[in-house]
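The values are calculated or read from the model by the stated rules, or taken from the named source; none is laboratory data. What you see is a predicted model; the values in this text were computed from it and never measured. We place every Cβ from the backbone using ideal geometry, glycine too, and count neighbours over all the protein chains shown. Side chains included, ligands, DNA and RNA excluded: accessible areas come from the protein's heavy atoms. Shrake-Rupley method; radii C 1.70, N 1.55, O 1.52, S 1.80 Å.
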Amino acid sequence: MSTQEISLNFESTAILIKYDDKGLPHIQTADDKAYAYAQGFLHGKDRCQQLTLLQAIMRSKVSLWFEESEEAIEIDKFMAHLSMYYQARKELN
């Protein structure tokens, strides 16, 4: 995995976020408020990915989002059997 870097600014304070080879973010900044801002930024970024993943799970499309592993296919089969996404759509209409 290649390391990713994100540069931000908060009230003229530079923030550098570096991801290690395990995908964990490390925040570098000189100010506590800027550090809190960076944490909020990462929380929002990760929350969006979490919601997208949950949507794929509910729609039985994990194997399309990721590689077609046996585990992903089994999750899709199970969620299709539960039919939660389609039942929720049916209740809304």
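Computed quantities for the displayed model
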{"quantity": "Residue check, I75 over 30 Å from R89 (Cα atoms) and touching a helix residue (DSSP H, G or I) at 6+ places or on another chain (Cβ under 6 Å)", "calculated": "no"}
{"quantity": "Some residue of segment 26-33 being closer than 26 Å to F10 by Cβ and part of a loop (DSSP other than H, G, I, E, B)", "calculated": "yes"}
{"quantity": "Enumeration of residues in segment 14-49 that are under 12 Å from T3 (Cβ atoms) and either in contact (Cβ under 8 Å) with a residue 24 or more places away in the chain or among the β-branched types (V, I, T) (or both)", "calculated": "I17"}
{"quantity": "Cross-chain or 6+ apart pairs with Cβ under 6 Å, segment 77-93 first and closer than 15 Å to Q55 by Cβ, then assigned to a loop (DSSP other than H, G, I, E, B) and not hydrophobic (A, V, I, L, M, F, W, C)", "calculated": "M79/S60; A80/S60; Y85/R59"}
{"quantity": "For L42: the one exception among (1) open to solvent by 70 Å² or more (accessible area, probe 1.4 Å); (2) out of contact with any Leu (no Cβ under 8 Å at 6 or more places or on another chain); (3) modelled with pLDDT of 90 or more; (4) closer than 30 Å to I17 by Cα", "calculated": "(1)"}
{"quantity": "Qualifying position, being open to solvent by 90 Å² or more (accessible area, probe 1.4 Å), among the acidic types (D, E) and at pLDDT below 90, among E68, E5", "calculated": "E68"}
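Here's the yes/no breakdown for (1) among the hydroxyl-bearing types (S, T, Y); (2) within 17 Å of the chain's Cα centre (by Cα); (3) under 30 Å from L16 (Cβ atoms):
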site	(1), (2), (3)
L51	no, yes, yes
V62	no, yes, no
E74	no, no, no
F78	no, no, no
Q87	no, no, no
